[in-house]
Amino acid sequence: MEDKLKILIIDDETDYLNIAAQILKNAGFEVMTAENGKDGLDIIIGENPDLLILDIGLPDISGIDLKKQLNKNLSAAKIPVIFFTVCSEMECLRNALNQNNCKYLIKPFNPDDLLEKVKSFLGPAMGPGSFDVT
């Protein structure tokens, strides 16, 4: 049986969390979710996901600060991150993109845009016959 690529979504807004999770499950990914940074960090340590989708405005820690914590760990620093944000201010986006291996997606998002960002990071690992985003 082929292992599915694992994606962890950390977002305290359950509507976005659930919609993104369903889109990614339908695309064939194994999806894990957390509603705060602490729970997300526990999942990262235990599951070593292939990709993080991380809300910048979490209640307990900013997504950017969580990524900075991950950057201190050699294996966790390699996990690519897509920052979810309602923030369209350039300073906020610049802070997100100054982190290693990161992109961003502004909420509300288009499902095709989400899949395209995921594919941009995981495409080579997905192999032939994976979903096609057109």
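Computed from backbone phi, the HN-Hα couplings of region 17-34 come to 4, 5, 5, 4, 4, 5, 4, 6, 4, 5, 7, x, 8, 7, 10, 10, 9, 8 Hz, rounded to whole numbers (Karplus: 6.51 cos²θ - 1.76 cosθ + 1.60, θ = phi - 60°; Gly and Pro given as x).
So how do 56-66, 72-82 stack up, highest first, on mean other-Cβ count within 10 Å?
Taking the mean over residues of other Cβ atoms within 10 Å, the ranking is 56-66, 72-82.
About the centre of its Cα atoms, region 6-119 shows a dipole size close to 520 debye [charges on the beta carbon of Lys, Arg (+1) and Asp, Glu (-1) only; nearest 20 debye].
Whole-Hz Karplus values for region 105-114 come out as 9, 7, 8, x, 10, 8, x, 5, 5, 4 Hz, taken residue by residue from phi with 6.51 cos²θ - 1.76 cosθ + 1.60 and θ = phi - 60°; glycine and proline positions read x.
Computed from the coordinates by the stated procedures, all read-outs in this text should not be read as laboratory data. Only a predicted model underlies this, so the values are computations on that prediction, with no experimental measurement involved. Because the Cβ atoms are built from the backbone with ideal geometry, glycine has one as well, and the counts that use them run over all protein chains shown.
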